[in-house]
Amino acid sequence: MIKFISAHDHGSQFPPQPSSANDDALLDAYSRTVAGVGSIVSDAVVQIKVDKPKQGRRQRQGAYGTGSGFFISENGLLVTNSHVIKGARNIQVSLQDGRYFKGELIGDDPATDLAVVRVDEKGLPFLKFADSDKLQAGQIAIAIGNPYGFQYSLTAGVVSALGRTLRTETGRLIDNVIQTDAALNPGNSGGPLVNSRGHVIGVNTAVILPAQGLCFAVASNLAAYVVGKLIVDGKVRRGYIGIAGQGIRFQPKFANGLKLDTSSGILVQNIEPQGPAHFSGMQAGDVIIGFEGQAIQSIDDLHRLLDADTIGEKVRIELIRNRQREEIYIIPSELK
């Protein structure tokens, strides 16, 4: 005869079941956190509508697009994505309370997909940037934006991973991108990704549409740096040397023979006439392997090191020419 044992019997093999009261308490704590953050943050989040010239035969007719953004100061400065406002003839900023304003572009940086817009209004609610260096995978991440034009949609999830890289439309890589499973859709671009205190940990920038749960945000520390530069200068200054190149890998025997610290480099294919590389004596066929003592393995490495501090300064380039290691000096100009 089979004996049925209650889960409450002494010596039962079944694990104790949590009470429904405990479940409700856990759910309420999470719900209260998300709802509380939503109520704090939503007033500072805006919907952005842009009127862009339409390419092709009907250029007089505008192509309309939408995105999201958020205020970072009470005097009307807001952050959004560069791709949201790119080419816009008119920018309209709508607030949750029904007010709307004409937006003025202060500056944008396609290399990090960030832009700053200003509206002529004072006393606006705004958000603060958190320190993204202190983020941990698994912590709560809450996104607020306007997906597909549905205003003030809130999604919640976690920080899925840190330190990702994401390639922008300009071909450059954004370093230290946050991956989250907080659902994002077209229209969320430029909205804030916030922590459980309502502080911005990232600026939502991209979604991999065929996948689920693969959403990305520019980390707040990088965003704060770029936004500061845009407010002051209207752009982010970067160095430029005027070459076209491609990454190549070295055969182990070749690398060992030249005692290289890297397994790859940049093959210089073309040199821009009258550019910095031209005046440095760099030649097509050279292979760049170092920049001021740091190994160069790809175009992305070179882009990363050509920052504002290199503009107008003599820098040392290590390269391979005719199967020999050589050094040249070059003075980067400013990327226009």
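The values are calculated or read from the model by the stated rules, or taken from the named source; none is laboratory data. Fair warning: this is a prediction, and the values are worked out from it, not measured in the lab. Using ideal geometry, Cβ is built from the backbone for each residue, glycine included, and neighbour counts are taken over all protein chains shown.
Miscellaneous remarks
- Hits in region 92-148 (condition: over 20 Å from residue 47 (Cβ atoms) and polar (S, T, N, Q)): 112, 132, 136, 139
- One residue from 172, 167, 197 being among the charged types (D, E, K, R) and over 21 Å from residue 115 (Cβ atoms): 197
- Residues located in region 251-276, provided they are among the small types (Gly, Ala, Ser), over 14 Å from residue 326 (Cβ atoms) and touching a residue at least 24 places away in the same chain (Cβ under 8 Å): 263, 264, 275
- Any hit, region 155-174, residues being closer than 13 Å to residue 68 by Cβ and buried (at least 19 other Cβ atoms within 10 Å of the Cβ): yes
- Here residue 10 meets the list (1) within 30 Å of residue 231 (Cα to Cα); (2) modelled with pLDDT under 50 almost entirely, failing just condition (1).
- Condition met for residue 206 (part of a strand (DSSP E or B), of a type in the set (A, V, I, L, M, F, W, C) and more than 26 Å from residue 126 (Cβ to Cβ)): no
- Residue within region 111-124 that is of a type outside the set (Gly, Ala, Ser), under 15 Å from residue 191 (Cα atoms) and out of contact with any Ser or Thr (no Cβ under 9 Å at 6 or more places or on another chain) present: no
- Qualifying residue in region 80-102 (condition: part of a helix (DSSP H, G or I) and β-branched (Val, Ile, Thr)): yes
- Residue count for region 175-198 satisfying the condition of being polar (S, T, N, Q), part of a loop (DSSP other than H, G, I, E, B) and either surrounded by fewer than 19 Cβ atoms within 10 Å (Cβ to Cβ) or at positive phi (or both): 2.
- Of all the criteria given as (1) more than 24 Å from residue 37 (Cβ to Cβ); (2) buried (at least 20 other Cβ atoms within 10 Å of the Cβ), the one not satisfied by residue 106 is (2).
- Region 310-336 - residue that is in contact with a Gly (Cβ under 8 Å, 6 or more places away or on another chain) and within 27 Å of residue 168 (Cα to Cα) and, of those, surrounded by the most Cβ atoms within 10 Å (Cβ to Cβ): 332
- When 260, 209 are screened for being hydrophobic (A, V, I, L, M, F, W, C), touching a strand residue (DSSP E or B) at 6+ places or on another chain (Cβ under 8 Å), modelled with pLDDT under 90 and on the phi < 0 side of the Ramachandran plot, only 260 passes.
- Residue within region 287-299 that is assigned to a helix (DSSP H, G or I) and crowded, with 19+ Cβ neighbours inside 10 Å present: no
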